[in-house]
Amino acid sequence: MAVDFNTIVIGAGVSGMTAAIYLKRSNIEVAILEKAAPGGQVNWTNDIENYPGFSHIDGPQLAMNIFTQITDLGVEYRYGNVLEIVIKEDYKIIKTDNGELTCQNIIIASGRRPRRIGLTNEQELTGKGISYCAICDGPFFKGKRVMVVGGGNSAVEEAHYLSDITSEVLLVHRSEKFRADEIAKERLFSKENVKTYLNYVVVGAQEENGKLSKVYLENTITKETLEENVDGLFIYIGHEPETTYLENTGIKLEDGYVVVDNRMATNIKGIYACGDVIKKEVYQIANATGEGAIAALSLKKDVH
Ligand code: NAP
């Protein structure tokens, strides 16, 4: 069966793009398929300080560097949101909202999406005060009062970024224990315009004239409620894997994440996975790139 490409990488985050570099350099005919801008979650990170080789680099810049590298190498770049994968005996069909592609092998690198709080009007207010990306939307809140939710590195680092732009940042976390690194916490809590609400969750958001105007909080211990007038609500409460399109393929998933072995191989021949979409302990850029390389080199070894 003649296929469009030997291998298709689904997702142009750092892991998928790294896999594409290794495949192309191994002379494997590869296309990378992406539904948004190249870079994935990295585009939503303001300042990266723990990626070797760069004391500081902003996420979109790192994404663009890798994207330039893959296009210079001649990797085919295709746009499309994957809706379904059909696995045939000797080839695979990837169905997208922008047509179909066929291939022998697939590397799944579709990453994760930000988790929603589940407020009744969360979707409606997204882009009208509610945001999941400080680097994208922060500048719209210059001199305004904003709230950030979460206790991980994303919440703490992005709250720090927002504290330089806005008049005040209210950081709301559901417990007293932060997952964020010590250095990130110290930097944030040294800022005078940051106020912290510990043991609080967001239970409601009020809209006024089509925009977010107020957020309701509830104390997780005392059940006391309070309200805060804010213009922005930045939500950083973790992620969910982008794997809905894999549900009926027979590819083994756990909690929605793709299960791989230490060669990044899934339970289906010719299908590998890497980056934030896989079930693992550490979700960092440094290991996502490494997993992309492993997936590509395992694939090469298996097919040649
Ligand atoms: P995370 O580390 O999983 O933290 C999620 C936070 O959201 C936790 O504090 C969690 O609280 C809270 N949370 C979860 N569900 C919630 C809910 N329904 N309501 C309220 N709060 C909720 O997520 P992340 O900060 O996005 O980071 C993801 C990964 O990327 C981590 O491995 C992180 O280290 C990494 N990362 C690294 C860097 C860096 O190294 N510079 C930057 C960004 C992200 P509990 O703690 O109570 O569960």
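The values are calculated or read from the model by the stated rules, or taken from the named source; none is laboratory data. Since the structure is predicted, the reported quantities are computational estimates derived from the model, not experimental observations. Cβ placement follows ideal geometry from the backbone for every residue including glycine, while neighbour counts extend to all protein chains displayed. Calculation scope for accessible area: heavy atoms of the full protein, side chains included, ligands and nucleic acids excluded. Shrake-Rupley method; radii C 1.70, N 1.55, O 1.52, S 1.80 Å.
Just a few scattered comments:
- Residues that are in a strand (DSSP E or B) and either touching a Ser or Thr at 6+ places or on another chain (Cβ under 9 Å) or open to solvent by 90 Å² or more (accessible area, probe 1.4 Å) (or both) were ranked within segment 162-200; the one that is nearest to the ligand (Cβ to nearest atom) is 173.
- Top-ranked residue of segment 34-77 - restricted to ones that are in a loop (DSSP other than H, G, I, E, B), at pLDDT 95 or above and away from the ligand (no atom under 16 Å from the Cβ), ranked as surrounded by the fewest Cβ atoms within 10 Å (Cβ to Cβ): 74
- Once segment 17-31 is narrowed to residues that are closer than 14 Å to residue 292 by Cα, in contact with a Leu (Cβ under 9 Å, 6 or more places away or on another chain) and not aromatic (Phe, Trp, Tyr), the residue that is surrounded by the most Cβ atoms within 10 Å (Cβ to Cβ) is 19.
- Evaluating residue 105 against the criteria (1) free of Cβ contacts under 8 Å to residues at least 24 places away in the same chain; (2) surrounded by 21 or more Cβ atoms within 10 Å (Cβ to Cβ) leaves one unmet condition, (1).
- Candidates 277, 282, 258, 303, filtered to the one that is surrounded by fewer than 16 Cβ atoms within 10 Å (Cβ to Cβ), β-branched (Val, Ile, Thr) and either more than 30 Å from residue 180 (Cβ to Cβ) or modelled with pLDDT of 95 or more (or both): 303
- Residues that are part of a loop (DSSP other than H, G, I, E, B), within 16 Å of the ligand (Cβ to nearest atom) and under 20 Å from residue 120 (Cβ atoms) are absent from segment 250-271.
- Residues that are in the same structural domain as residue 204 (by TED's automatic domain parsing), farther than 30 Å from residue 289 by Cβ, within 16 Å of the ligand (Cβ to nearest atom) and small (Gly, Ala, Ser) are absent from segment 125-142 altogether.
- Residues that are closer than 15 Å to residue 48 by Cα and open to solvent by 10 Å² or more (accessible area, probe 1.4 Å) within segment 133-151 comprise just one, 135.
- Residue within segment 256-274 that is within 26 Å of residue 135 (Cα to Cα) and outside the structural domain of residue 150 (by TED's automatic domain parsing) present: yes
Yes/no matrix, rows are residues, columns are (1) under 16 Å from the mean Cα position of the chain (by Cα); (2) closer than 13 Å to residue 107 by Cα:
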{"residue": "16", "(1), (2)": "yes, yes"}
{"residue": "22", "(1), (2)": "no, yes"}
{"residue": "30", "(1), (2)": "no, yes"}
{"residue": "35", "(1), (2)": "yes, no"}
{"residue": "59", "(1), (2)": "yes, no"}
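- Members of segment 219-277 found to be of a type in the set (S, T, N, Q) and farther than 30 Å from residue 148 by Cα, listed by number: 248, 249, 262, 266, 267
- Long-range neighbours under 8 Å by Cβ, at least six apart or interchain, first residue at positive phi within segment 225-250, second away from the ligand (no atom under 16 Å from the Cβ): 250/87; 250/267; 250/268
- Subset of segment 221-249 that is surrounded by 14 or more Cβ atoms within 10 Å (Cβ to Cβ) and part of a loop (DSSP other than H, G, I, E, B) - its residue that is farthest from the ligand (Cβ to nearest atom): 249
- If you go through segment 1-49 and keep only what is free of Cβ contacts under 8 Å to residues at least 40 places away in the same chain and on the phi > 0 side of the Ramachandran plot, you end up with 27, 39.
- Whichever residue in segment 187-199 is over 25 Å from the mean Cα position of the chain (by Cα) and not polar (S, T, N, Q) and, among such residues, is farthest from residue 143 (Cα to Cα): 198
- In summary, residue 116 fulfils each of the numbered conditions (1) in contact (Cβ under 8 Å) with a residue 40 or more places away in the chain; (2) buried (at least 19 other Cβ atoms within 10 Å of the Cβ); (3) within 17 Å of the chain's Cα centre (by Cα) with the single exception of condition (2).
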